[in-house]
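Let me begin by presenting the structure, written as structure tokens, before commenting on it.
The values are calculated or read from the model by the stated rules, or taken from the named source; none is laboratory data. Being a predicted model, the structure only gives us computed values, none of them experimental. Quick reminder, even Gly has a Cβ in these numbers, built from the backbone with ideal geometry, and neighbours come from all protein chains shown.
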Amino acid sequence: MLTLAAPGFLLAGLLATLVPLALHLIRRRPPMRAALPTARFLSEDPRNAIRVSRPTDVPLLLLRMLLLALLGAALARPSWIPAREGTANVVLLDRGAASAAEWPRAVATARQAVIGPDGEPVGELLLFDTAAVHVPRAELTMAYFAKLASDGPGRGRSELAAGLRAVPLAARDLRGADSVAVRVISAFPQSGWSAGLAPLRRAAWPGSLELVPLRMGMDSASSDTAGTPRSAAVIATEGGRYAAAALGALGYAARTIAPAASASIPEDVIIVLDGSPAGLMDRARAGATVVFAAGAVDGNRDLPWTGSAASASGGGTMWFGPELRIGGAAGRAGGAPASDAHVVAAWDDGRPAAAARKIGRGCVVVAGTALEGGELPFQAEYPAMLGRLARGCEDAAATAERPLDSGALSLLRGTGARTIAANRLGAAGGGFAFGRWLLAAAILAALLETLLAYRRRTAA
């Protein structure tokens with residue numbers, strides 16, 4: 001089947017061929033010799049000045065018409081696409097550590113989706129963790145999947161966003177199918193969710209996704225410790241009452257102290273709003289959780305944040321996973337998390353908003369905003385936000401072992417038809433695009449026309 005990506009250019013090229021035809025049919029009469037010199041002052045009858053006759057120099061005319069027709073056809077980008085049938089699958093296989101419990105089943109499910117009954121590949125395979133790899137179709141064999149199952153998954157975490165970004169290009173590479181479906185095989189850990197995933201999901205695929213959840217073992221580190229009584233201290237030159245009240249609402253025995261009185265603090269959780277007090281790293285090594293707000297960071301190399309943590313831009317909404325987000329922040333800190341830090345929260349544009357790092361028996365957390373600035377303390381989610389920051393390193397160990405809840409899975413699955421027509425995706429379909437060959441023919445016709453016109457002028 002012949003298809004045109006821009007049929008308007010072909011129509012314009014065909015209409016343009018009429019221009020040289022008209023110019024060859026209409027020609028002016030050359031000036032005639034006059035017997036008397038004064039005859040040049042007499043005007044000739046305009047009806048005889050221009051006349052229509054048979055076209056002159058037919059080969060040159062045909063070359064010019066062919067040039068315009070070929071140029072219009074080349075710009076229309078024609079392709080020959082063989083007939084399509086059936087539905088092809090784009091399979092996203094999570095090779096992160098969370099898939100280890102059912103890795104053989106995951107590989108078998110992917111193999112059944114992309115390998116046909118006769119052993120030929122009928123789909124596209126994407127392996128993803130923090131980045132996606134599009135496996136070439138020529139490598140999709142039974143031996144490849146056997147080796148993939150024996151090698152096992154990776155040991156790192158995976159990001160669903162990395163796999164979704166690769167879906168559009170993989171769908172366009174499908175051959176011989178009239179519709180496309182996307183299947184995601186993963187344990188869907190909470191650590192795989194990132195801020196901005198919802199709009200990315202809608203942009204990556206217009207229909208719904210088929211989710212194939214894998215069983216994921218729970219780790220003892222993920223047990224709920226919310227009921228354990230803990231104490232907290234809020235260090236601030238001024239203020240601190242909002243943070244102390246929020247921690248008290250979570251069950252902490254909280255108090256507010258000045259930076260000068262922070263030499264010896266017995267509390268389990270220490271929230272530093274300002275002042276950059278010394279000696280807190282020793283408390284973290286001894287088992288406390290120390291949370292620094294933006295502007296209270298002293299540049300210690302043990303911090304999970306590099307660069308300046310002072311407020312550098314406007315605020316926004318902080319995302320602590322799919323179940324918690326809070327707006328009203330007064331500003332964002334500069335710098336970025338350290339390479340070995342765990343990102344606890346992200347801004348609505350995907351930039352990290354808080355990071356945590358294990359140090360000794362305790363934890364150090366840096367929040368990328370002022371924790372009592374702007375409208376933040378007046379949000380209903382403010383206590384939950386402080387609670388999440390106060391157990392930053394615990395979440396780093398626990399979230400990798402917890403699957404997404406039903407609401408997040410529903411958002412990831414999306415709505416609409418599961419199969420999408422291939423012509424909506426601009427799929428190549430294994431066809432042959434010969435627009436470049438038509439463009440080469442147009443260039444050749446232009447060279448021949450130039451050479452022929454030059455010879456006509458020199459001969460005259």
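Condition (residue is modelled with pLDDT under 60 and not hydrophobic (A, V, I, L, M, F, W, C)) applied to region 2-16: is it met by at least one residue?
For region 2-16, residues modelled with pLDDT under 60 and not hydrophobic (A, V, I, L, M, F, W, C): absent.
Checking the condition part of a helix (DSSP H, G or I) and either more than 30 Å from Ile26 (Cα to Cα) or out of contact with any Asp or Glu (no Cβ under 6 Å at 6 or more places or on another chain) (or both), which residue from Leu60, Leu127 passes?
Leu60
Take the residues in region 111-154 that are touching a residue at least 40 places away in the same chain (Cβ under 8 Å) and farther than 19 Å from Arg165 by Cα; name whichever of them is surrounded by the most Cβ atoms within 10 Å (Cβ to Cβ).
Checked region 111-154; the qualifying residue surrounded by the most Cβ atoms within 10 Å (Cβ to Cβ) is Pro153.
Can you pull out every residue in region 304-319 that is of a type in the set (A, V, I, L, M, F, W, C) and either surrounded by fewer than 23 Cβ atoms within 10 Å (Cβ to Cβ) or modelled with pLDDT of 85 or more (or both)?
Once the filter is applied, which keeps residues that are of a type in the set (A, V, I, L, M, F, W, C) and either surrounded by fewer than 23 Cβ atoms within 10 Å (Cβ to Cβ) or modelled with pLDDT of 85 or more (or both), region 304-319 yields Ala310, Ala312, Met318, Trp319.
Taking Leu148 as the residue in question, decide whether it is in contact with a strand residue (DSSP E or B) (Cβ under 6 Å, 6 or more places away or on another chain) and of a type in the set (A, V, I, L, M).
Spelling it out, it is not the case that Leu148 is in contact with a strand residue (DSSP E or B) (Cβ under 6 Å, 6 or more places away or on another chain) and of a type in the set (A, V, I, L, M).
If a residue must be crowded, with 18+ Cβ neighbours inside 10 Å and either part of a strand (DSSP E or B) or modelled with pLDDT of 85 or more (or both), how many such residues does region 326-338 contain?
The qualifying residues number 6.
Name the residue, out of Cys393, Cys363, that is part of a helix (DSSP H, G or I) and over 26 Å from the mean Cα position of the chain (by Cα).
Within the list Cys393, Cys363, the selection yields Cys393.
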